[in-house]
Amino acid sequence: MSSSIILTSRIPYTLENPLRPQRPATSKIIFLAMEGIATEEDYFARVSELFHEVKAKIQFISVVEDAVHTREKNRTQEQRSLLGKSKPKQLVEKIEQFKAERNEKYQFDKFDDEFWIVSDIDDNLSDAKVEKFHQALDTCEEKGYGYAISNPFFELWLLLHHDDITEEDKRFAVTEEHAYEKTSHFRERLRDCGAPLRDTKHIRREDYTKEKIIQAVNRAKALHTDREGRYPKYLATTVYQLLDKVLEMADKNHNELIPASNEESSHACMDI
């Protein structure tokens, strides 16, 4: 693994967005195919800002941004429809299509790039969808792609920046005993912690700091107790694995920054 990292969600080069006419001058890019077309993009853009000081070896680039060549707020209905195809199997297909169409630009065979899908459990374990979900993970493992999965939603990962998990939160995990249910619970928790999502999907940049990311990684690792399975079958998220890459590159001694006592970092939203 390289010794430094830069995160970016820059839009690819077009006449409207002349930011990246060719492959960035870096030895490694981590390409993300993400389920959300707003929340996740906002979040990784914020991470890019926070870790701007670690430069030039690794970059994060969103596959969907490169696919539509348009910033989120300027996307047409057709582009939104394309991006709405975001189940895990479709995310893997987007990576495959992206690699086929962008090989001349990115020269994948010459670099040690990584490809990840960022997805939720939500209803993917239902009888109608579970087979395709497992097929997507099979393909990821066959191709060497990473996958960061949240049970039940990405909003759980956001909540871990602001508060510890409660017994009430655990009730909404998708398990053998509890099927997926549509809920605004985690958005409400974020609101109560003083970090609401704008229009139910956009983060506020100021709500996410380096310190909060470290807390989120620490909390997520503590939640992820059974790491033998391919994905959490209880309330947990593996998005921390991506952020761990950032922290390890940004500061080799970042573990020293993680509070040694759970009491020091617990119930952060109570202090807001």
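The values are calculated or read from the model by the stated rules, or taken from the named source; none is laboratory data. The shown structure was predicted, so the numbers you read here are calculated from the model rather than taken from an experiment. Quick reminder, even Gly has a Cβ in these numbers, built from the backbone with ideal geometry, and neighbours come from all protein chains shown.
Of all residues in region 22-38, those satisfying the criterion of being among the β-branched types (V, I, T) and either crowded, with 20+ Cβ neighbours inside 10 Å or modelled with pLDDT of 75 or more (or both) are I29, I30, I37. R219 falls short of the stated requirement of being modelled with pLDDT of 95 or more and farther than 30 Å from H134 by Cα. If the condition is being surrounded by 12 or more Cβ atoms within 10 Å (Cβ to Cβ) and assigned to a loop (DSSP other than H, G, I, E, B), then region 185-199 contributes C193, G194, A195, P196, L197. Remark: Y231 matches the filter, which requires a residue to be part of a loop (DSSP other than H, G, I, E, B), out of contact with any His (no Cβ under 9 Å at 6 or more places or on another chain) and not charged (D, E, K, R). Restricting region 39-91 to residues that are more than 15 Å from the chain's Cα centre (by Cα) and among the β-branched types (V, I, T) leaves a set whose member that is modelled with the lowest pLDDT is V68. Against the test of being in contact (Cβ under 8 Å) with a residue 12 or more places away in the chain, among the hydroxyl-bearing types (S, T, Y) and over 18 Å from G36 (Cα atoms), the options T175, T166 yield a single qualifying residue, T175.
If you go through region 217-244 and keep only what is under 13 Å from the mean Cα position of the chain (by Cα) and either surrounded by fewer than 18 Cβ atoms within 10 Å (Cβ to Cβ) or farther than 19 Å from F51 by Cβ (or both), you end up with T237, T238, Q241, D244.
Applying the criterion of being part of a loop (DSSP other than H, G, I, E, B) and of a type in the set (D, E, K, R) to the residues of region 91-138, the residue that is surrounded by the fewest Cβ atoms within 10 Å (Cβ to Cβ) is D127.
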